[in-house]
Amino acid sequence: MRVLVVEDERGLAEGLRKGLEAEGFATDVAHDGTDGLWMAREHPYDAIVLDLMLPRMNGYRVCAALREAGVWTPILMLTAKDGEWDEAEGLDTGADDYVTKPFSYVALVARLRALIRRGAAARPAVLAAGDLRFDPASRRASRGEQEIALTAREASLLEYLLRHAGDVVSKTDVLDHVWEGGYDGSFNIVEVYVGHLRAKIDRPFGRASIETVRGTGYRLAADGG
């Protein structure tokens, strides 16, 4: 297994290199984001350990650039920060897992092995179906070059439908994933918001991407309609 460590703290980077090699990983090291991005693009790694706060190009930007380039190598992000917003931003840009410094080396290796077992399946940072796109990090939606203004709930509904593009989702599924837990109102609220979404992402563009599957639920066309 070949791993890339992108870490600017040289002592930590060397410690990771020695420790990973002792575990049987062939390990390369980069000390800034620009070099790390180049190495990750040029070599077929099985996993990347990526620090968040890097000189020249931070870990968020490196991760996003790799995903935009179609590089799906599993990424384990490291950071000295501790907060749910930092974790969410890292995952939204395409990272697969997240470890806060100081970390347990045993746990880091276990997480790394788990990521490698899962493999490098495509996990795009921006969700798309045809020319319909949604960026979970910025919460922005667009058709082609035209940006579409959505409310927070409409954005959450679009994100859920895009993550399940081509599949039929029931109203219960939508309520469970888009509305807060414990919502006990009418299922009609789903119909209302699907209508709102159609009015913004479909009708102005002459599309019909959200199909009503009678008696079951809804399906967003994988090609964006």
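The values are calculated or read from the model by the stated rules, or taken from the named source; none is laboratory data. Everything numeric in this text was worked out from a predicted model, so none of it was measured. Positions of Cβ are backbone-derived with ideal geometry, glycine not excepted, and every protein chain shown enters the neighbour counts. Each accessible area value is taken on the protein alone, full model and side chains, heavy atoms only, with ligands, DNA and RNA left out. Shrake-Rupley method; radii C 1.70, N 1.55, O 1.52, S 1.80 Å.
A compact table of results
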{"read-out": "Gaussian network model of the chain, Cα within-10 Å springs - most flexible of A208, A40, A95", "value": "A208"}
{"read-out": "For S209, solvent-accessible area (1.4 Å; no DNA, RNA or ligand), Å²", "value": "0"}
{"read-out": "Distance in nm between pseudo-label sites at A114 and M1 (7 Å out along the Cβ direction from Cα)", "value": "1.3"}
{"read-out": "Most mobile of L157, L127, L12 in a GNM of the chain (Cα contacts under 10 Å)", "value": "L12"}
{"read-out": "Protein accessible area in the chain, 1.4 Å probe - carbon and sulfur %", "value": "49"}
{"read-out": "Counting all C-alpha pairs of the chain, share separated by more than 21 Å (%)", "value": "60"}
{"read-out": "5 angstrom amide H check on V5, placed H, neighbours 5+ away", "value": "D28, V29, A30, V49"}
{"read-out": "Accessible area per residue, Å², the chain with all protein chains present, probe 1.4 Å", "value": "51"}
{"read-out": "Vicinal HN-Hα couplings computed from phi for the range 141-158 (Karplus, 6.51 cos²θ - 1.76 cosθ + 1.60; Hz; Gly/Pro x)", "value": "10, 7, 10, x, 8, 9, 6, 10, 7, 10, 6, 4, 5, 4, 5, 5, 5, 4"}
{"read-out": "Rg over Rh [alpha-carbon atoms, Kirkwood Rh] for the range 108-180", "value": "1.07"}
{"read-out": "GNM top mover of A128, A30, A199 - the chain, alpha-carbon springs below 10 Å", "value": "A199"}
{"read-out": "Protein-only accessible surface order, largest first, of W38, W179, W72 at 1.4 Å", "value": "W38, W72, W179"}
